[in-house]
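Let me begin by presenting the structure, written as structure tokens, before commenting on it.
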Amino acid sequence: MAKFKLSQIAAQFLILLGLFFFFFVIIFSVLSDRYYEMNREKISVLALDLVTYVQNEIILAEKVSGGYHRKFILPDNIGGFDYSIFIHKDEVIINVLEQDYFKKIPNITGYIRKGTNVIKKNESGIYLN
């Protein structure tokens, strides 16, 4: 009779252990998904801030008189993730985590890159790098 009770206790223990493990996996999965979403939101905010910063630099150059010259620096990554930045027609575009962020800009000549950028304005237009 004692043997039967020990085996029953062992079986119940294994069942409880399995249930705890199952709930642990579920909770870990939910928390992991939430962390991933929060990180994507953070990257989205940082990317929007950066594209707005570039837009403001170009608009500032457009509004001032000729002879304007300014250096500005763009980071190598956004929140630890690599990104690309480029100008297409009248937009500056940042792509990070397969998501595009863009802002309208005035007509300029040149290209933009990570690191140091030089923006100039003279009588013939705005030039970048």
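Against the condition more than 12 Å from the chain's Cα centre (by Cα), more than 20 Å from Lys121 (Cβ to Cβ) and free of Cβ contacts under 8 Å to residues at least 40 places away in the same chain, how does Ser84 come out, does it pass? Answer is no for this residue.
Here's the yes/no breakdown for (1) of a type outside the set (Gly, Ala, Ser); (2) touching a Pro at 6+ places or on another chain (Cβ under 7 Å); (3) modelled with pLDDT of 95 or more:
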site	(1), (2), (3)
Ser65	no, no, no
Leu74	yes, no, yes
Val92	yes, no, yes
Tyr101	yes, no, yes
Ile105	yes, no, yes
Gly115	no, no, yes
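For segment 65-114, residues that are loosely packed, with under 11 Cβ neighbours inside 10 Å and either among the aliphatic types (A, V, I, L, M) or assigned to a helix (DSSP H, G or I) (or both) total 1. Considering every residue within segment 53-72, establish whether at least one is more than 19 Å from Asn107 (Cα to Cα) and among the aromatic types (Phe, Trp, Tyr). Taking every residue of segment 53-72 in turn, none turns out to be more than 19 Å from Asn107 (Cα to Cα) and among the aromatic types (Phe, Trp, Tyr).
Scan segment 115-129 residue by residue and report those that are loosely packed, with under 12 Cβ neighbours inside 10 Å and of a type in the set (Ser, Thr, Tyr). Listed by number, the residues that qualify are Thr116, Ser124.
The values are calculated or read from the model by the stated rules, or taken from the named source; none is laboratory data. The structure presented is a predicted model; accordingly, all values stated were derived computationally and were not measured. Because the Cβ atoms are built from the backbone with ideal geometry, glycine has one as well, and the counts that use them run over all protein chains shown.
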